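This is the structure I want to talk about, given as C-alpha cells.
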Amino acid sequence: MSEPASISMGIADRYATAVFEIAKEGKKVKALETDLASLTDALAVDDFSNLISSPMISREEQAGAIVALAKKMKLSPTVSNTLNLMAIKRRLFVLPQLVTRLREIIAQDKGEVTAEVVTAKALTKTQAGKLAKTLKASVGKTVTLNATVDESLIGGLVVKVGSKMIDTSVKSKLDALQNSMKEVG
C-alpha cells in the first residue's frame with residue numbers, strides 16, 4: 001500500500017471507529033447502515049465525488065454543501081456532524097474509505113463476513129442464496145455477497161472471502177492452459 005493510501009486508511013479508520021462507537025452506544029447502528037447506503041449512492045455521483053475531493057473548494061464551501069446535502073439525504077445527526085467535522089478539517093477525501101471501513105466494522109460486530117463475487121453473468125436470487133449458504137458452511141459465519149459482473153470471465157466465477165480466493169472462471173483456466181503450452185514450446 002502506498003504511503004498516501006495508508007494515511008487515508010488510518011484517518012478513515014479513526015473516524016469509522018468513533019462513529020461506530022457513538023452509534024452503538026446510542027443503539028443507532030441500523031440508522032448508521034441506512035446512512036451508509038445513502039452515502040454509497042451519493043459517492044457514485046460525479047458532482048459529489050468532486051465536492052469531497054476538489055482542493056479548489058474552500059473548507060467553508062465544502063462544509064456548507066455537506067450540511068445541506070446531509071439534511072437533504074436525511075442523514076442521522078452522528079453522520080451529519082462527522083461529515084461537517086471532516087469538511088472543516090479537510091478530511092472529506094477519505095469518505096469512500098470511511099464508508100468501506102464502517103461496513104467492515106458493522107459486519108464484524110454482527111459476526112458477518114463479506115464475499116466479493118465476480119461472475120460472467122449476473123447471479124439469480126437462487127444462485128446467490130445457494131452460494132451464500134455454501135460459503136456460510138465453509139467459513140462458519142453469515143456471508144454477505146457483494147456481486148459484480150465481468151463478462152471477460154467467459155463463464156464461472158471468482159470468489160474472495162478475506163484473504164482466500166477461489167477462481168473457477170473459464171478465463172483463468174484458459175490462461176493456465178496458455179501458460180502451460182508456452183512452457184512446453
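Check off (1) in contact with a helix residue (DSSP H, G or I) (Cβ under 8 Å, 6 or more places away or on another chain); (2) modelled with pLDDT of 90 or more for Thr168 and give me the number that stays unchecked.
Status for Thr168: all satisfied but (1).
Look at the stretch 102-126 and say how many of its residues are open to solvent by less than 60 Å² (accessible area, probe 1.4 Å) and assigned to a helix (DSSP H, G or I).
Selection size over the stretch 102-126: 4.
Might you check whether a residue that is part of a helix (DSSP H, G or I), closer than 25 Å to Val29 by Cα and in contact (Cβ under 8 Å) with a residue 24 or more places away in the chain occurs anywhere in the stretch 127-138?
No, the stretch 127-138 contains no residue that is part of a helix (DSSP H, G or I), closer than 25 Å to Val29 by Cα and in contact (Cβ under 8 Å) with a residue 24 or more places away in the chain.
Looking only at the stretch 148-164, how many residues end up being closer than 20 Å to Arg103 by Cβ and either open to solvent by 60 Å² or more (accessible area, probe 1.4 Å) or not in a strand (DSSP E or B) (or both)?
Looking only at the stretch 148-164, we keep the residues that are closer than 20 Å to Arg103 by Cβ, and these are 148, 159-164.
Still in the list and also either open to solvent by 60 Å² or more (accessible area, probe 1.4 Å) or not in a strand (DSSP E or B) (or both): 148, 160, 162-164.
So the count comes out to 5.
Separate question: For the stretch 141-170, name all the residues that are under 22 Å from the mean Cα position of the chain (by Cα) and without any contact (Cβ under 8 Å) to a residue 24 or more places away in the chain.
If the condition is that a residue be under 22 Å from the mean Cα position of the chain (by Cα) and without any contact (Cβ under 8 Å) to a residue 24 or more places away in the chain, then Ser163, Lys164, Met165, Ile166, Asp167 are the ones that fit.
If Arg90 satisfies all but one of (1) touching a Leu at 6+ places or on another chain (Cβ under 9 Å); (2) open to solvent by 40 Å² or more (accessible area, probe 1.4 Å); (3) part of a loop (DSSP other than H, G, I, E, B), what's the number of the condition it fails?
Evaluating Arg90 over (1) touching a Leu at 6+ places or on another chain (Cβ under 9 Å); (2) open to solvent by 40 Å² or more (accessible area, probe 1.4 Å); (3) part of a loop (DSSP other than H, G, I, E, B) leaves (1) as the failure.
Next question, about the same structure. Out of the stretch 57-75, which residues are among the hydrophobic types (A, V, I, L, M, F, W, C) and without any contact (Cβ under 8 Å) to a residue 24 or more places away in the chain? First the steps, then the outcome.
So the first thing to find is which residues in the stretch 57-75 are among the hydrophobic types (A, V, I, L, M, F, W, C), and the list is 57, 63, 65-70, 73, 75.
If the condition is that a residue be among the hydrophobic types (A, V, I, L, M, F, W, C) and without any contact (Cβ under 8 Å) to a residue 24 or more places away in the chain, then Ile57, Ala65, Val67, Ala68, Ala70 are the ones that fit.
The values are calculated or read from the model by the stated rules, or taken from the named source; none is laboratory data. This structure is a prediction, so every number in the text was calculated from the model and none was measured. Because the Cβ atoms are built from the backbone with ideal geometry, glycine has one as well, and the counts that use them run over all protein chains shown. In case anyone asks, the SASA skips ligands and DNA or RNA and just uses the protein heavy atoms, side chains included. Shrake-Rupley method; radii C 1.70, N 1.55, O 1.52, S 1.80 Å.
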